[in-house]
Amino acid sequence: MLSNRLKPGDTIGMIAPAGPTDKEKLEKSFAFFENLGLQIKLGEHVYDQYGYLAGKDTNRLSDFHQMIADRSIKAVIFARGGYGTGRIVDKIDMKLIKRNPKIIWGYSDITFLHTAIRQATGLVTFHGPMPASDIAKADFDPLSGQLFKQLLEPTNLVYSESISPLTVYRHGEAEGKIVGGNLSLLVQTLGTPYEICTKDNLLLIEDIGEEPYRVDGMMNQLRLSGKLKDAAGIIIGDFAEAEPKVNPSLSLEEVWKHYFRNYKKPVIAGFRIGHCFPHFSVPLGVKATLSSRTKTLQLSPGVR
């Protein structure tokens, strides 16, 4: 299910469903959206703080439901990630989302919401940089900004080596819906009603601050749960700040080789998708093609 594209003059809602938001950083991002011709409405509790959370669970949930129910809001852009979406996911009114499909955009901890919402409603959501944690930074780059325009006009996206070098771990070509996101959040869904479905899908993984042994452990959990076997192919995004703090250590490259040395489907790494700049935004749930022959990832539009 695709949401309607944005039009100049439309209003987007900004809320914080996970970690607390820095007011100054969030306000720095406003000009970016205003330059796209969009208006901004903030959630009532966007600046709340409750320990490492952006307010109490009930208030974060309330902000989300209000933005979904408000017919004047055409997109919900999450202010930042952090931690906390998994605490409210089982209380989200999925029927409300089905009745009011609209653009939902974010990444990192938002992976839990992306997975749950897509699998419950069929709605395509967007994995992309967020206002307070990314857009407000001085090094937010033109390509990352340009990719927001896919919300204003249906766009066939193509990722090639013109953006970054890509490493092929297993050759082949595969088609399927693109799913996934932050690796540690995907693992958190296992054994829950929101467990990531990889069957015949292209699985995207990315993360930040996870050493090779931690990535190894999470990949092993995906392997043992059958998620790697079920996938049509693997898209390895950015793994930022992954340098081992204790030596000796395996490298991330050695970890990938271990899990994919006998894999029968395409695996390509090096995509600048994740906690990085440029951050190539992708619609999750659309049809995509991963090819080692052309070294490309091609994606269908995420809006109509």
Original post:
Which of the residues that make up region 162-217 are farther than 21 Å from SER300 by Cα, out of contact with any Pro (no Cβ under 7 Å at 6 or more places or on another chain) and of a type in the set (Lys, Arg)?
Top reply: ARG214
Subject >> Checking GLN221 against (1) polar (S, T, N, Q); (2) touching a helix residue (DSSP H, G or I) at 6+ places or on another chain (Cβ under 6 Å); (3) in a loop (DSSP other than H, G, I, E, B), the condition it does not meet >> reply: (3)
Original post:
Based on what the data block shows, is PHE148 closer than 12 Å to HIS279 by Cβ and not in a helix (DSSP H, G or I)?
Top reply: no
**OP:** Filter region 102-127 for residues that are among the small types (Gly, Ala, Ser) and either crowded, with 24+ Cβ neighbours inside 10 Å or in a helix (DSSP H, G or I) (or both) and give the result.
**Re:** GLY106, SER108, ALA116, ALA120
Original post:
Restricting attention to region 67-101, which residues are among the charged types (D, E, K, R), in a loop (DSSP other than H, G, I, E, B) and surrounded by fewer than 20 Cβ atoms within 10 Å (Cβ to Cβ)?
Top reply: ASP70, ARG71, ASP93
Original post:
Pairs, please: C-beta under 6 Å, at least 6 apart or cross-chain, first residue of a type in the set (Ser, Thr, Tyr) and in region 229-253, second part of a helix (DSSP H, G or I)?
Top reply: SER249/PRO212
**OP:** Look through LYS149, LYS137, LYS199 and report the one residue that is modelled with pLDDT of 95 or more and touching a helix residue (DSSP H, G or I) at 6+ places or on another chain (Cβ under 7 Å).
**Re:** LYS199
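The values are calculated or read from the model by the stated rules, or taken from the named source; none is laboratory data. Source: prediction; values computed, not measured. All Cβ positions, glycine included, derive from the backbone under ideal geometry; neighbour counts span all protein chains shown.
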